[in-house]
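**Student:** Take this structure, written in structure tokens, and hold onto it; I'll ask about it next.
The values are calculated or read from the model by the stated rules, or taken from the named source; none is laboratory data. Small disclaimer: the values here were computed from a predicted structure and weren't measured. Counting neighbours? That spans all protein chains shown, and the Cβs are built from the backbone with ideal geometry, glycine included.
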């Protein structure tokens, strides 16, 4: 395996991680920001108020986007396994 092949596979792995983790993290971020703005407007200083909605948002994102995420992960895994003989050289 050459350095170029290794760097290409590392870049693909990082990209797949960002694609798979991004939607649930962004949705949790938006929910947390919305609740923080609500807390600032209403002057409610409860630190634990954001946890349950963020967990629920992440769970909803995983339920809705789970098949798409699984398909991306399967595509990446199959490309790794298909190219495995090329990497062994």
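**Student:** Hey, does the range 29-39 have a residue that's under 13 Å from the mean Cα position of the chain (by Cα) and closer than 30 Å to residue 11 by Cβ?
**Tutor:** Within the range 29-39 (the criterion being under 13 Å from the mean Cα position of the chain (by Cα) and closer than 30 Å to residue 11 by Cβ), the answer is yes, since at least one residue qualifies.
**Student:** Here is a list of conditions, (1) part of a helix (DSSP H, G or I); (2) loosely packed, with under 13 Cβ neighbours inside 10 Å, and residue 1 meets all of them except one; can you say which number that is?
**Tutor:** (1)
**Student:** Got a number for residues in the range 60-89 being exposed (fewer than 10 other Cβ atoms within 10 Å of the Cβ) and touching a residue at least 60 places away in the same chain (Cβ under 8 Å)?
**Tutor:** The total comes to 3.
**Student:** Against the condition assigned to a helix (DSSP H, G or I), exposed (fewer than 12 other Cβ atoms within 10 Å of the Cβ) and modelled with pLDDT of 90 or more, how does residue 19 come out, does it pass?
**Tutor:** Here the answer is no, as residue 19 does not meet what is asked.
**Student:** Those residues that are under 15 Å from the mean Cα position of the chain (by Cα) and either surrounded by 14 or more Cβ atoms within 10 Å (Cβ to Cβ) or on the phi > 0 side of the Ramachandran plot (or both), I need them from the range 40-59; list them, please.
**Tutor:** The answer is 54, 57, 58.
**Student:** Mind listing just one residue for me: the one in the range 13-27 that is within 11 Å of residue 73 (Cα to Cα) and touching a residue at least 12 places away in the same chain (Cβ under 8 Å) and, of those, nearest to the chain's Cα centre (by Cα)?
**Tutor:** Filtering the range 13-27 for residues that are within 11 Å of residue 73 (Cα to Cα) and touching a residue at least 12 places away in the same chain (Cβ under 8 Å), the one nearest to the chain's Cα centre (by Cα) comes out as 20.
**Student:** Still on this model: Restricting to the range 40-64, give me the number of residues that are assigned to a helix (DSSP H, G or I) and modelled with pLDDT under 85.
**Tutor:** Residues flagged as assigned to a helix (DSSP H, G or I) and modelled with pLDDT under 85 within the range 40-64 amount to 4.
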